[in-house]
Amino acid sequence: MKLPSLEVEFCGVKFPNPFCLSSSPVGNTYEMCARAYDMGWGGVAYKTMCLDDVVKIVHPSPRLNALHRGTDRVIGIQNLEQISDRSTKENFEDCARLKRDYPDRVLIASIMGLTRESDWSELARMSEDVGADMIECNLSCPQMTVEGTGHKAGQNTKIIARAVELCKKACKIPVMAKMTPNITDMVTVARAAEEGGADAISLINTVRAITAVDLEKLVPLPNVAGKSSASGYSGAACKPIALRFLADLAMAGFKLPISGMGGIYTWMDAAEFLLMGATTLQVTTAILNHGYRVVEDMKEGLQYYMADHGYKSLSEMIGKALPNVTDPAHLSHETQAVSIIDKNKCIGCGQCYLSCRDAGAFAISLDADRKAQVDHEKCFGCLMCKHICPVDAVSYNIVRHHQYA
Ligand SMILES: Cc1cc2nc3c(=O)[nH]c(=O)nc-3n(C[C@H](O)[C@H](O)[C@H](O)COP(=O)(O)O)c2cc1C
């Protein structure tokens, strides 16, 4: 079977496939990015670069903590890392070499102005000079130690617009603003980027968080010489937040193209981001977990999904789920779900019974064989039983709402 192409155009730049390294330690040197290109990534957002003449970036250690849940390892990662601690010269030399050796792959220069407005212009010029295809303005790192940068800049509409404007004036390549999730309203800050002349936005950077507290030492983690800080949380646990922002922007009529990221681990995650309006996709935490090879499954799985659903190109599927997002006030109140138990699968563990008794409608009881059974008159279709069932014995039917029956 001939599988559909994954090529996609974003701000006039041709991506061989939508999968890119997001700016982070996964794309910090020539060697790393070259290996990622060799393994099939369509693009790289290089680790955020700055001018190193005034500020020297130093990372605390340890710089990561991971959130585990039961037997699931690393459902999220909290990092204290700032932008690149390599010299500006080394980084731009690596970018130039990458573009020389991989002209058909996309290189996005992620940049951050630190102490002077002119940093943005200077970095944008340097990015264009080394052949970068696009610029990503980092307005979103939540643990920068230089006051007023990172997510603090990304919460301020004037600074966002100005940073983008300075970059746009300094170069001809497309400029994208990378947004922070550490805000209430994405639409306002995204519009500020648009006003500054942005060609696209990317979202999300990491969510400011504290993942755990050491119960003996009484220090949150990661413990850096007895102290810790709220800092950037990423990975699977963040995907719902990223998808929500995509929905918010679409509902507000925001039209700039979007590069989506936050918890993309599988081709299914990738498909969800595309259906919710992202044109290209970026990944870090899945690579921290499993290495660059995750892209192979992502690409193949996405192609089979496209073929199964009759999509001949990615552009045909982008945003296709958005018409089905609405305000809660517009959701139908006329139908409801009622749970159905497959007694052949039910193992009588009683988890659904407990949950329904203590947190639902008390609609589930256990029969003489300890198999769950549902009283459809009482069930209001929260489906918690379906979500917690360890053997997938619960499905549901849609019926007319009891109130309207
Ligand atoms: C250790 C680490 C370092 C990061 N450094 C940067 C950075 O330098 N610049 C940037 O724009 N984003 C940075 N990020 C954020 C990622 O690019 C990405 O926005 C975020 O991790 C969400 O995607 P994910 O869930 O696939 O990791 C970093 C993330 C991690 C985990």
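FYI, it's all coordinate maths here, none of it is from the lab. These figures come from a predicted structure and were not determined experimentally. Neighbour counts run over all protein chains shown; Cβ positions are idealised from the backbone, glycine included.
What residue among Asn205, Ile159, Leu67 has its Cα farthest toward the positive end of the dipole of the chain, where the charges are +1 on Lys, Arg and -1 on Asp, Glu, each on the Cβ? Farthest along the dipole direction, towards plus: Leu67. For the set Lys14/Lys169; Lys2/Lys239; Lys169/Lys299; Lys56/Lys227; Lys152/Lys239, the pairs lying more than 29 angstrom apart at their alpha carbons are Lys2/Lys239; Lys169/Lys299. For Lys343, the lysines whose Cα falls under 29 Å of its own Cα, not counting residues fewer than eight places away in the same chain, are Lys371, Lys378, Lys386. In plain terms, the C-alpha convex hull of the chain casts an average shadow of 23.3 nm² when viewed from every direction. Put in line by how crowded their Cβ is, counting other Cβ atoms within 10 Å and starting with the fewest, His401, His59 read His401, His59. Modelled this way, with points 7 Å down the Cα-to-C-beta line, the labels at Ile183 and Glu117 are 2.0 nm from one another.
When peptides 130-136, 392-398, 365-371, 324-330 are sorted by average Cβ neighbour count within 10 Å, with the highest value leading, the order is 130-136, 392-398, 365-371, 324-330. Note on Asp214, Asp199, Asp308: ascending count of other Cβ atoms within 10 Å places them as Asp308, Asp214, Asp199, the fewest first.
From least to most packed, judged by other beta carbons within 10 angstrom and beginning with the fewest, Arg105, Arg357, Arg162, Arg73 follow the order Arg73, Arg357, Arg162, Arg105.
Given Cβ point charges of +1 (Lys, Arg) and -1 (Asp, Glu) and nothing else, what value in debye, to the nearest 20, does the dipole of the chain about its Cα centre take?
300
Adding -39500 (n - 2.57) for every DSSP H run of four residues or longer, then dividing by how many residues the chain holds, sets the calculated 222 nm ellipticity at -8500 deg cm²/dmol.
Antiparallel DSSP bridges in segment 8-324: what percent, to the nearest 5? Close to 40 percent.
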